[in-house]
1. Hey, could you check the stretch 141-191 for residues that are charged (D, E, K, R) and more than 32 Å from the chain's Cα centre (by Cα) and say which is surrounded by the most Cβ atoms within 10 Å (Cβ to Cβ)?
2. Being among the aliphatic types (A, V, I, L, M) and in contact with a helix residue (DSSP H, G or I) (Cβ under 7 Å, 6 or more places away or on another chain) is the filter here, so list the residues in the stretch 258-278 that pass it.
3. Test ASP256 against the stated conditions and say whether it is part of a loop (DSSP other than H, G, I, E, B), among the acidic types (Asp, Glu) and either closer than 17 Å to LEU121 by Cα or not assigned by TED's automatic domain parsing to the domain that holds LYS316 (or both).
4. Counting only residues that are β-branched (Val, Ile, Thr) and at pLDDT 80 or above, which one in the stretch 16-50 is surrounded by the most Cβ atoms within 10 Å (Cβ to Cβ)?
5. Residues that are assigned to a loop (DSSP other than H, G, I, E, B), touching a Pro at 6+ places or on another chain (Cβ under 7 Å) and modelled with pLDDT of 90 or more: does the stretch 218-226 have at least one?
6. All but one of (1) surrounded by fewer than 22 Cβ atoms within 10 Å (Cβ to Cβ); (2) part of a helix (DSSP H, G or I) hold for ILE294, so report the exception by its number.
7. Scan the stretch 235-252 residue by residue and report those that are polar (S, T, N, Q), within 21 Å of the chain's Cα centre (by Cα) and within 15 Å of ALA149 (Cβ to Cβ).
8. Any chance you could count how many residues in the stretch 220-234 are in contact with a Leu (Cβ under 8 Å, 6 or more places away or on another chain) and buried (at least 19 other Cβ atoms within 10 Å of the Cβ)?
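The values are calculated or read from the model by the stated rules, or taken from the named source; none is laboratory data. Since the structure is predicted, the reported quantities are computational estimates derived from the model, not experimental observations. Positions of Cβ are generated from backbone atoms using ideal geometry, with glycine treated the same way; all protein chains shown enter the neighbour counts.
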Amino acid sequence: MARWRRLTQGLWPYLVGIRTKIVVLSSFLLLLPYLGYQYVWEMESVLRQGQEQTLMGTARAFAMGMNDRPALFTHRHSPTRLDPGKDLHAFRLTHPITLDGDLREWQRYQQHQRNYQRDGLIFNQRPYHSEQLSLSVLTASNDHAVYLALDIVDATPTPSQDQSDLTSQDHLIVALTSPQGAFYRVALSQDPRSRDAHVTHLASGLPVKSNQHETEGPTQPLPIAAKWRTTDTGYQVEIKLPSDWVGQQLGLAYYDLDDSFERPLRAIIGTASTRTPTSLGSFMTPSAAIQTLIERMNNDASRVWVVDTHSRVLAKDGDIQTSNGVWQSSSAPQTRHGLITWLTDTLLRPWYDRLLVTPPDHFIDAMQQASIYKGVQAQQALQGRLMQGGAVRMMAKP
C-alpha cells in the first residue's frame, strides 16, 4: 500500500502538469472530423426531405392542372382488370419507323415485346410445339399513327394460291373499334409480287371468298398500310394505322393453315378472338393532349409520369439523366482559381470521395423507355398514399 502511494505521488505532478492538460484538451480536436461527417449526413437528409416535399407539391400542381381539364380523360376507360396477353398498350416511339416489313429497326424496343405461345392459342387441332408456331407483337404510336410489328414463327408456311381465297393461305386478322364505336375487321395476307400485304375488309364472319364480304362500320374502309415479308422462320408483318381511327379495343389473330393439298386450318394464335367487338382486348395509346400539357408545365427540371389505374403510361416528359433537379441554380457556376482551390481539389477531395457517397454522373436508366411504370411508388401514388423514405415520382391519376 505504501509502495502504491509513493508511486502515485511520484506520477501525480506529471498527470496534472501543463503538458498533460494540453494533450487532453487537444485530443478533443480528434472529434471534429467525426462531428463534421455527422453534420454532412444530417444536412443531406434535411435537403433530401426538402426536395421530396418540393416534388410532392409539384406533383400535386400537375394533378390539379389535369383535374381542371376533364376532357383529357373523357374518352379513356380502363378495364377493371387487365389480362396481360389480351389487353395491349402502345409505347411512345422515340425514333421514326420506316414501313418496309423489316423488323430490325424495332430491336431497340424489344423490352416492350409480347410473346404468345401456348397461352395465345385460340384454336388448335394438333399437339402444340412452340418451335412450330408462336407470335411476337410490338405495339407503338406517335402523334399521328399506331404501328404494329409482328414476328410470326410458322414451321409450315402456306403461300397463297389465290389471293381472293383467304381459306387457302396463312393470313392475319386485325380487328378494332374506332373512337366513334365502329367495328372493323381486316385480313392481311402475303402478296407474292411485292412486300405490300394484300388487304381484305371483312364483315363479322370470315367469308369463303373475298367477294362474299361486306364492309363493316362506316362506308369508308379502314385506311391501313401493311408490309408482309417471308423469313427463314415464318413471316414478319408491319402495320400502320391512323391514330384517329383507332379506339380502345384491338385484337390480332394469325390463322395457320396446313401446307397439304386440302390446306385445312391447323391453329389460330393471337391476342384475342376477333369475331366480335366484345371479344377484343382493350388497347391504350399515349395521350398527345396530356403530353403537350405536361411539356408546357414542366421545365425539364424533373421527369413527370402520368399513368392510368393500371400503371400504364399515358404521357411522360423529362429526362433524369440531363435534368438539373427541382432546386436548380439560376446562375451559372463560377470557376475559381488559387491555392485554396488547388488544395481542396488535390488533397481534400480524394478523402471526401472515400468517406462520402458521391452520386454517379452517368447511370443506366432502366425506366427510360418503360410503357408500364412498375414499382411501389406507382402503387402508393395510385392509392393516394405517400411513400416515406424513398424517392418521389411525380404522378397524376386520371
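1. Step by step, filter the stretch 141-191, then rank; the result is ASP170.
2. Hits for the stretch 258-278 are ILE269, ALA272.
3. The answer is no for ASP256.
4. Restricting to residues being β-branched (Val, Ile, Thr) and at pLDDT 80 or above, the top hit is VAL40.
5. yes
6. Only one criterion in (1) surrounded by fewer than 22 Cβ atoms within 10 Å (Cβ to Cβ); (2) part of a helix (DSSP H, G or I) is unmet by ILE294, namely (1).
7. Listed by number, the list is empty, since nothing qualifies.
8. Number satisfying all stated conditions: 5.
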